[in-house]
1. Net charge within 10 Å of Glu215 by Cβ-Cβ distance, Lys/Arg positive one each and Asp/Glu negative one each, not counting Glu215 itself?
2. Highest first, please rank the peptides 48-58, 200-210, 166-176 by the mean number of other Cβ atoms sitting within 10 Å of their residues.
Amino acid sequence: MKLFAVARVACGALLDAVIPLRERTARTRAREAQDIPLAPTVHDLLGVRITTLMDYRQSEVQDLIRSLKYEGSGHAARLAAHLLADYLREEIAGAKQFSTRRILIVPVPLHKKRARERGFNQIEVVLAALPQEFRDGTRATYAPHTIMRTRETAQQTRLSRSERLSNVAGAFALAGQALGSADVHNAKIYLLDDVTTTGATLVNAANPLRRAGAEITLLALARA
């Protein structure tokens with residue numbers, strides 16, 4: 001999955017050039033990072049702090065997220081990665097002033113069946129496009145296989161608030177390679193998703209990491 005995400009970003013410009021673009025993807029393709037309004041906001045969702053970087057009500061943000069999620073636009077991934085990197089530089093610098101914990105960047109995973117059907121996990125595609133310093137341990141280490149979905153869940157967008165909460169309850173666990181890992185226990189982890197609404201997915205995805213002793217910061221590109 002990691003290699004696929006990297007290859008998808010690398011080929012994004014070529015794919016955009018040869019495949020007729022949807023209108024929203026064409027609009028996003030014409031934009032630069034400075035054209036996307038960045039508005040980091042802290043929300044208290046389910047009693048947990050979740051920071052979102054953009055406001056989904058902004059048309060530019062809707063285009064960006066939908067181009068990324070439904071068309072797998074490489075340009076959208078690079079724009080989102082640029083905005084995320086700007087935020088993480090300051091955030092991680094502040095965290096390192098008060099702790100020597102190893103810093104991991106972890107995406108919320110798709111279930112393996114959903115990943116096969118879609119062909120990519122949109123937040124993994126964004127994180128694979130981050131500058132190398134956020135992936136190779138210089139500022140942080142990208143750790144895409146830290147947690148896994150233990151069961152398939154319905155798409156959250158089709159559910160009511162109460163259904164969303166129960167849909168993802170207990171749906172995440174530490175992945176095999178992370179079980180018993182001192183790196184997870186001692187880590188400061190930035191757990192990322194593309195969009196959050198009730199916060200149910202991020203909160204439940206964080207539970208196995210918290211139980212393992214990690215310090216967690218929850219982030220999403222946007223709140224819908």
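Just so you know, all these numbers are worked out from the coordinates, no wet-lab data involved. In this text, all values refer to a predicted model and were calculated from it rather than measured experimentally. Backbone-built Cβ (ideal geometry, glycine too); neighbour counts: all protein chains shown.
1. Combined, the nearby Lys, Arg, Asp and Glu give +3.
2. By packing density, highest mean first, the sequence is 200-210, 48-58, 166-176.
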